[in-house]
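What follows is a single structure, written as structure tokens, with notes after it.
The values are calculated or read from the model by the stated rules, or taken from the named source; none is laboratory data. Not measured: the values here are computed from a predicted model. As a convention, Cβ positions derive from the backbone with ideal geometry for all residues, glycine included, and neighbour counts pool all protein chains shown.
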Amino acid sequence: MTLERRLNAFRPDLADERLVGQVQAARFVAGKPAEIVVNKSAMRIQPDDASALDTELLWGEEVMVFDRRDGWAWAQCKLDGYVGYIKEDALGELHADKTHWVIAPRTFLYPGPDMKIPPLDTLSMGSRLTVTGEAETRGTRYLLTDRGAVIASHLAEIGVSQFNDYVSIAGRLIETPYLWGGRSSFGIDCSGIVQVALMMVGKHVLRDADMQEASIGTEIERSDLQRGDLVFWKGHVAIMEDKNMMIHANGYSMTVARERLAGAINRIAPIYGQPRLYRRP
């Protein structure tokens, strides 16, 4: 059986030591932990800026690094197992366990607890930080982290769910630009919004639409569709808002948008055919 290259770290010259006996490689190594220290880091198929964008990793997410050379790291995302090449300068040493994550679509990271100070960076929903304290300035409460200060209401403890409906989270990303391989509120693709929205309610799923089609929940009939169900076409996935309306990041509007399922089926059919599957997470 051929292992999925997106979820297993192996090349002819090097492979993850956990794959001994499963793949052929000149050398097997243990991955070394690191974390993402930029607001989002592209993960590419090859160590080349012109190479296709497979996915993105968010601030504070952990990776296992198997190789570093020529400014690139070959790594695996701990969250979903995705393997690829990321810029080495996007990585830092693994800090303390992350305690909080961003629950707003986007927020600013300030050097101190004051919104009037120019921010250090902008963080996307799902970015992870370690909170070390809190402060209040002119009536605005901030959480102090190992990287800077963030508006307190824009963060929540990881594992203490602020949401119980992942569809409402997807709805907060309406009009986010469509980006093939994107996984942030700066740009996102169809399976990216499914993964991020489910992640924010504590459900971890695989990254790409074909992986999600094969693994999420249970298969249902179109006649049974309800809020939160997923519709899969070849290479595409959408989230049902109710039995008629859906939310999806799509290359037609080039945004995250609402669309009637019936209209989408008619529009997509000449290019990609009918939906292949309906699933309930």
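In the range 156-163, the count of residues that are charged (D, E, K, R) and surrounded by 15 or more Cβ atoms within 10 Å (Cβ to Cβ) is zero.
Apart from one condition, PRO113 fits all of (1) of a type outside the set (A, V, I, L, M, F, W, C); (2) surrounded by fewer than 20 Cβ atoms within 10 Å (Cβ to Cβ); (3) over 17 Å from the mean Cα position of the chain (by Cα); (4) in a loop (DSSP other than H, G, I, E, B); the exception is (2).
Before we move on, is GLY148 assigned by TED's automatic domain parsing to the domain that holds VAL201, modelled with pLDDT of 95 or more and not polar (S, T, N, Q)?
no
Is it the case that the range 119-129 has a residue that's assigned to a helix (DSSP H, G or I) and either in contact with a Leu (Cβ under 8 Å, 6 or more places away or on another chain) or hydrophobic (A, V, I, L, M, F, W, C) (or both)? Within the range 119-129, none of the residues are assigned to a helix (DSSP H, G or I) and either in contact with a Leu (Cβ under 8 Å, 6 or more places away or on another chain) or hydrophobic (A, V, I, L, M, F, W, C) (or both).
Residue by residue, here is whether (1) among the aromatic types (Phe, Trp, Tyr); (2) over 17 Å from TYR82 (Cα atoms); (3) assigned to a loop (DSSP other than H, G, I, E, B) holds:
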position: GLY159; (1), (2), (3): no, yes, yes
position: ASN164; (1), (2), (3): no, yes, yes
position: ILE169; (1), (2), (3): no, yes, no
position: TRP180; (1), (2), (3): yes, no, yes
position: VAL196; (1), (2), (3): no, no, no
position: ALA214; (1), (2), (3): no, no, no
position: GLU219; (1), (2), (3): no, yes, no
position: PHE232; (1), (2), (3): yes, yes, no
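Total residues in the range 210-245 satisfying the condition of being in contact with a Pro (Cβ under 6 Å, 6 or more places away or on another chain) and either closer than 14 Å to LEU198 by Cα or surrounded by fewer than 19 Cβ atoms within 10 Å (Cβ to Cβ) (or both): the figure is 2.
Yes/no per residue for (1) among the charged types (D, E, K, R); (2) under 29 Å from CYS190 (Cα atoms):
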site: VAL23; (1), (2): no, no
site: ARG27; (1), (2): yes, no
site: ILE36; (1), (2): no, yes
site: TRP74; (1), (2): no, yes
site: ASP80; (1), (2): yes, yes
site: ASP97; (1), (2): yes, no
site: TRP101; (1), (2): no, yes
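Of all residues in the range 40-54, none are crowded, with 18+ Cβ neighbours inside 10 Å and more than 16 Å from TYR82 (Cβ to Cβ).
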